[in-house]
Structure formats: C-alpha cells, structure tokens
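Structure first, commentary second.
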Amino acid sequence: MFIAHVPAAYLLSRSLRDPQAQIALLIGSVAPDLDLTRFYFLDGQSIHHHEYLTHRPLL
C-alpha cells in the first residue's frame, strides 16, 4: 500500500500552496503503514495490520 498512499496524498496536496503542508500530508499518508514493521517482525503476521490502532484514520 505504500505505492497507493503516497500518490493519493500527492494528488490531494497539489491543491495546497504551502510546501510544508504538502510534505506533512505526504508523511502522514505513509505513517499508518509504519505498523507493518510490527506486523512482519514482532507479531508474526498473526493480526492483520489494519487492526492496529495506528492504522485508524482518526489517529
């Protein structure tokens, strides 16, 4: 999903004029998938990474 999140955020950020807001949006689009490291290396893929609290949109 890294491949999908960054282009989607880029398209959304094109309407913003502030470069800092664009960078924040791009970083924020990838941040939910950082839990994949836990999914693969710590949990042994026993819980789907979409179930992690860090993958919730409100967080």
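The values are calculated or read from the model by the stated rules, or taken from the named source; none is laboratory data. Just so it is clear, the model here is predicted, and its values are computed rather than measured. Cβ coordinates were reconstructed from backbone atoms using ideal geometry, including for glycine residues, and neighbour counts include every protein chain displayed.
Pairing each residue of segment 31-45 that is in a loop (DSSP other than H, G, I, E, B) with any residue that is surrounded by 10 or more Cβ atoms within 10 Å (Cβ to Cβ), provided the two are 6+ apart or on different chains, yields C-beta distances under 8 Å for 45/39.
Considering only segment 17-30, how many residues are surrounded by fewer than 13 Cβ atoms within 10 Å (Cβ to Cβ) and either acidic (Asp, Glu) or more than 17 Å from residue 56 (Cα to Cα) (or both)?
First pass over segment 17-30, keeping only residues surrounded by fewer than 13 Cβ atoms within 10 Å (Cβ to Cβ): 17-21, 23, 27-28.
When the remaining residues are screened for being either acidic (Asp, Glu) or more than 17 Å from residue 56 (Cα to Cα) (or both), the result is 17-21, 23.
Number of matching residues: 6.
The set of residues in segment 1-40 that are under 14 Å from the mean Cα position of the chain (by Cα) and among the small types (Gly, Ala, Ser) comprises 4, 8, 9, 24, 28, 29, 31. When residue 20 is tested against the conditions (1) at pLDDT 75 or above; (2) within 20 Å of residue 6 (Cα to Cα); (3) not in a helix (DSSP H, G or I), the lone failure is (3).
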